[in-house]
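Readers should treat all values here as calculations from the given coordinates under stated rules, not as data from a laboratory. Given the structure is predicted, the values throughout are model-derived calculations rather than measurements. Virtual Cβ from ideal backbone geometry, glycine too; neighbours counted across all protein chains shown.
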Amino acid sequence: MIPSALGPGGLGARPGPAEPGGPTPSEPGRPAGTAAGSRPAGSDDATPRPGAGEEPPAAPARPLDPEEREAELVPGLAGPAYDLGSIAHPDGPATTYRPRTRRSLRIRLRRKVRRLVRRWRTSLSVRVVSVTVVGGFFALALLGGVLSGQIRDRLYDQRVDQMLEDAALRARDAQQTFDSATATTAPQVQSIAADWIYSAQSAATAGAVGAVLMRSPEAAASVTFAEPATNGAVRELVRPELRRAVQAGGGQHWQPVGVPMADGEAPGIVVGAPVTLPAAGAYELYIVYTLEPEEQTIGLVIRILAVGAVGLVVLLAALAWLITRWVLRPVRDAAYTAERIADGLLDERMDVRGHDELALLGESFNEMAASLQRQIEQMEELSRLQQRFVSDVSHELRTPLTTIRMASEVIHDNKDDFDPVIRRSAELLQAQLDRFEAMLADLLEISRFDAGAAVLDIEERDLRDVVTRVVEMSAILAERKGTALRVDAPDGPCTADVDARRIERVLRNLVNNAIEHGEGRPIDITVRCTASAVGVRVLDHGVGMDEEAAGHVFDRFWRADPARARTTGGTGLGLSISMEDTRLHGGTLEATGRPGVGSAFLLTLPRRAGATVGRPPVALWPEQADVPEPAGDLTADAQPVAVAGVAAAGVAAPSGVSVAAALRDDADEETDR
């Protein structure tokens, strides 16, 4: 390795402080070019300035211009509104400034980092270009390091071999010169040695920068003289370990050193060899060579490689960006066309150019869009035919149903005159006609939803009153099932802009569904409201349902158990109609359950028509619902509006006794019985 001779230069110097009296940035409230504490040109110099500790004289009051009045009211203009939060400068009120805090810098830096991360996550082009640039940089850095290392090692080895050959030639020349000399005294020997050293310096080749003759410790001759050297620095470069190697092994030895130069140190080597001087005995000849030209050559090669690598990385980034844009353009077109198709513009298609893979992608996309358009149009036509069929059938069935109803009522009114079998048949006919009429009404209502003809009759109503009416209407059915209906409502009103008829139908469907599947256990109806929404939850403790059933419970004619009989005369469309009514109000209707524990339905409505629901006022599934409470037992915080049906049905609460006390007494009697 060749030690580098480059210094730590290249660092940019930080600008020093501004010169005294130099220009400063203009501050708010002061004209540009006016120094802090100075007055603009043209001001009265005779006006005395307040001394230390004195209050400045009050300026005379004058009427404000319209622009100045606007400046007082509008933030950002010169005036009191602009100086809010500023710190007054000691030189005067006009020199205000706002210090920059570290927190604001951190916030801006954090925002920039988040923006870059968001850009990285959302842009494939940025990721491709970044990966290409980083990968190209590391690949070129590795390749440049390997190439520069190979060039440096080969150039170094070649130059060292040349220097060793030159040093060997010089050592033989010196020995021949000393052998041919006839000097016998110290001055003569010193003159011969000095002449050779100076001639070697004047005829320096192969990068030799100095030479020195040093007396060997093994010399036994009595003739001594001053050791000649080209300069003192050369003598200091000869290290003891090199001298020991020359003295011990003889022959030629060398060692890398740092050669002091005018602009620092340069890499070099010191080559030593033993010589014998006449009358002086054994000496050591050391020649110093510099590798500064080779270091400059290697530095030039490295700079050329670095510039070429930077240019190549930039070229790779540009090519990656262009290729990415070229490849992603059909993808963007496909995404845009897909969005347009999703918005209902089924005639949108991609522009196909060429016959390559990207063109094949566009053709395939257009074929898929055309196929989807045909299927959607067919489904829309089938849906229109189905809706029209349901509507027409429902309307056409009204006339024969009315006739059958009239005949059935005549038979039902005279059922007591028939034998028991015919009397029972008349009762069954009447019940099934009631169910058929309900189903026909539901079909007509569904057809209105499908045709988009359903409208709302909005009025402000208290949901507590609607719940009370629903509970009263369901009391007979709950009593027949032995189910207690428990209502928990707040003391304050829970008003909302609703169509009372539709919301009452929704709640009636939810309560009747809970009674049918509640297995005779209590049903909890919870009413809650917030500033933006009102919610009603119907919770039963019956058979429950799993997540799959909860996902299909609002489908038309769907049953969790197809073999289960409809004892309450349901049509299979109640929950579907409830969902459509809820959507008309801009609300939500959710369902959940746990098998063997119970089911919960949550109706959430906005308090104002057209507003958003936001967070539901009540949870869909409470934690305490895991363990159902005994029938007839009310919670401490519940305020029952109506309780219909207990285990001992038909036992009325005595006058002056609360409903909760009557229920507890009934439960005690049932336990004793």
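Some points to look at:
- Peptides ranked, highest mean first, by Cβ atoms within 10 Å: ranges 210-223, 353-366: 210-223, 353-366
- Once you reduce region 177-240 and region 572-607 to the center of their Cα atoms, the two points are 110 Å from each other.
- Cα convex hull of region 239-367 - mean projected area over all directions, nm²: 17.4 nm²
- Student exercise, region 265-370 dipole from Lys, Arg, Asp, Glu Cβ charges, in Debye to nearest 20: 140 debye
- Ordering of 108-115, 170-177 by packing [mean C-beta count within 10 Å, highest first]: 170-177, 108-115
- The stretch between Asp434 and Ala206 holds 70.0 nm of extra length on full extension. This uses 0.36 nm per residue minus the Cα-Cα distance.
- Neighbourhood net charge (11 Å Cβ-Cβ; Lys/Arg +1, Asp/Glu -1) for Leu477: +1
- Taking one quarter of the surface of the convex hull spanned by the alpha-carbon atoms of region 497-564 gives a direction-averaged projected area of 5.9 nm².
- Relative to the current alpha-carbon distance between Val421 and Ile151, full extension at 0.36 nm per residue lengthens the span by 85.7 nm.
- Centre separation in Å (Cα based) which lies between region 427-444 and region 366-415: 16 Å
- The mean of 1/r over all distinct Cα pairs in region 165-311, once inverted, gives the Kirkwood hydrodynamic radius of 16.4 Å.
- Distance cut-off 18 Å, percentage of C-alpha pairs in region 405-511 lying past it: 67 percent
- Around Glu363: net Lys/Arg minus Asp/Glu count, Cβ-Cβ under 13 Å: -3
- Computed over region 326-483: relative contact order in percent, which uses C-alpha pairs under 8 Å that are six or more apart: 16 percent
- Charge sum, other residues only, whose C-beta stays under 15 Å from Val352's C-beta, Lys/Arg counted +1 and Asp/Glu -1: -3
- Mean separation of Cα pairs under 8 Å and 6 or more residues apart, divided by the residue count, gives region 292-410 a relative contact order of 15 percent.
- Alpha carbon centroid spacing (whole Å) that separates region 280-295 from region 130-166: 27 Å
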